[in-house]
Amino acid sequence: MKRLTFFTLSLMLSLQLLNAQAKKPSIMVVPSDLWCNQNGYVLTFENYGGSTTIPDYKKALQTNDQLVYVIAKLGSLMADRGFPLNTLESALARIEETTARNLVMTSKSGASIKENPIDLLNRQARADILMKVTWSVKKNGPKNYVTYVLQAVDPYTGKQVAGAEGVGVPSMSASIDVLIEEAVLTNMDNFCARLQSHFDDLFANGREVAMDIQVWDDATLDLETEFGGKELAEIIDDWIAENTVEHRYSKAEGSETYARYDQMRIALYTPQGKPQDAESFVRQLRTYLRKTFEIECKVVPDGLGHCYLMIGGK
């Protein structure tokens, strides 16, 4: 009987481990910044008194049929390998449906922080990986062929986690989606294996995010203010150590009014099963400070992987 019980428990544990390992990262296919710049699909927005140029995905989708074919084909190839997809077109539509959201957040003291529209897209899409594609259709006599570059980028850190490039076989009649498929198939399995390896690491060791803590200039406290014999900076350190995966984080710098935390490893999902990003993680810290020490804070997202915690008011 004991052997049967032990075997049953071992089997259940093995199945749980297999289910965890089988979980796939969600992916969104987008044209690369290079491709958008080369083809004139860019827009400029004002940010911190200057201007920033970013890809204009909406215009590209509406006017370039090659892009539609390439995204559809790559999406199909990834789906065949069991990777769930978030479509760029759907993500853009969701952003338009939430136009009431104000990208500029201002405090009582007049400070403001603006979120990059690409960061807003990432937040709406909630993809674990951005699959950026660059391609060009070239001619060899009467035949067409494709050169391509695939880059898998973690939108939380901006780091490339996998890549592939190559040249397709020339053809006189094949369409762009067929040329792309023939060109990328050789490297697709290795590319997907690297994606899965990266995601397995995130699943086991947590996702990497960063946080900046600042104090409003009209606040009545700072990070050196003591609560029960501990400075606020120490209290925050203890909370981060307790709530990061394997207590993994780095405090890059700190003063009485500023602290920078990076390489914070947070669980991919909350206990409720929702995807977790820097904002949702820092909101938990805000709740802790408010309930335990009656400290008012403001959480300001800056993309998926970075967040500001403004101490001393909203």
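The values are calculated or read from the model by the stated rules, or taken from the named source; none is laboratory data. No experiment lies behind these values; they were computed from the predicted model shown. Here the Cβ is made from the backbone with ideal geometry for all residues, glycine too, and neighbour counts use every protein chain on show. Heads up: the accessible areas ignore ligands, DNA and RNA and are worked out on the full protein's heavy atoms, side chains in. Shrake-Rupley method; radii C 1.70, N 1.55, O 1.52, S 1.80 Å.
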Checklist entry - For residues in segment 256-266 being out of contact with any Phe, Trp or Tyr (no Cβ under 9 Å at 6 or more places or on another chain) and under 26 Å from GLY158 (Cα atoms), which is least open to solvent (accessible area, probe 1.4 Å)? => result ALA259
Checklist entry - Cβ-Cβ below 6 Å, separation at least six or inter-chain, first residue in segment 272-300 and in a loop (DSSP other than H, G, I, E, B), second open to solvent by less than 80 Å² (accessible area, probe 1.4 Å) and at pLDDT below 90: which pairs? => result GLN276/TYR269; GLN276/THR270; ASP277/LEU304; GLU296/GLY313
Checklist outcome for this item: Selection from segment 253-281 of residues of a type in the set (A, V, I, L, M, F, W, C) and closer than 24 Å to GLY229 by Cα yields ALA259
Next on the checklist: Regarding segment 188-195, can at least one residue be identified that is more than 18 Å from LYS132 (Cβ to Cβ), among the hydrophobic types (A, V, I, L, M, F, W, C) and touching a helix residue (DSSP H, G or I) at 6+ places or on another chain (Cβ under 8 Å)?
Outcome noted: no
Next on the checklist: Can you confirm whether THR134 is more than 20 Å from ASP189 (Cβ to Cβ), modelled with pLDDT of 90 or more and crowded, with 17+ Cβ neighbours inside 10 Å?
Outcome noted: yes
Checklist entry - In segment 187-221, which residues are surrounded by 15 or more Cβ atoms within 10 Å (Cβ to Cβ), over 21 Å from the mean Cα position of the chain (by Cα), over 17 Å from TYR261 (Cα atoms) and touching a residue at least 60 places away in the same chain (Cβ under 8 Å)? => result MET188, TRP216, ALA219, LEU221
Checklist outcome for this item: Among GLU253, GLU234, GLU246, GLU224, the single one that is charged (D, E, K, R), surrounded by fewer than 20 Cβ atoms within 10 Å (Cβ to Cβ), free of Cβ contacts under 8 Å to residues at least 40 places away in the same chain and in a helix (DSSP H, G or I) is GLU234
Next on the checklist: Among the residues that make up segment 21-30, is at least one of them in a helix (DSSP H, G or I), modelled with pLDDT under 65 and either aliphatic (A, V, I, L, M) or under 24 Å from ILE129 (Cβ atoms) (or both)?
Outcome noted: yes
Checklist outcome for this item: A careful count of residues in segment 147-168 that are within 17 Å of LYS73 (Cα to Cα) and either surrounded by fewer than 19 Cβ atoms within 10 Å (Cβ to Cβ) or at pLDDT 90 or above (or both) gives 10
Item to check | The lone exception for GLU296 - which of (1) of a type outside the set (A, V, I, L, M, F, W, C); (2) over 21 Å from ASN205 (Cβ atoms); (3) open to solvent by less than 60 Å² (accessible area, probe 1.4 Å) it fails | outcome: (3)
Checklist entry - Applying the selection to segment 301-313, what residues are assigned to a loop (DSSP other than H, G, I, E, B), farther than 19 Å from ASN205 by Cβ and touching a Pro at 6+ places or on another chain (Cβ under 8 Å)? => result GLY303
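Do we find that PRO271 is open to solvent by 40 Å² or more (accessible area, probe 1.4 Å), closer than 21 Å to THR157 by Cα and of a type outside the set (Phe, Trp, Tyr) in this structure?
So PRO271 does not fit the description; no.
Yes/no per residue for (1) outside any strand (DSSP E or B); (2) touching a Phe, Trp or Tyr at 6+ places or on another chain (Cβ under 6 Å); (3) of a type in the set (A, V, I, L, M):
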site	(1), (2), (3)
LEU179	yes, no, yes
GLU182	yes, no, no
ASP189	yes, no, no
LEU195	yes, no, yes
ASP200	yes, no, no
ALA204	yes, no, yes
ASP212	no, yes, no
THR220	yes, no, no
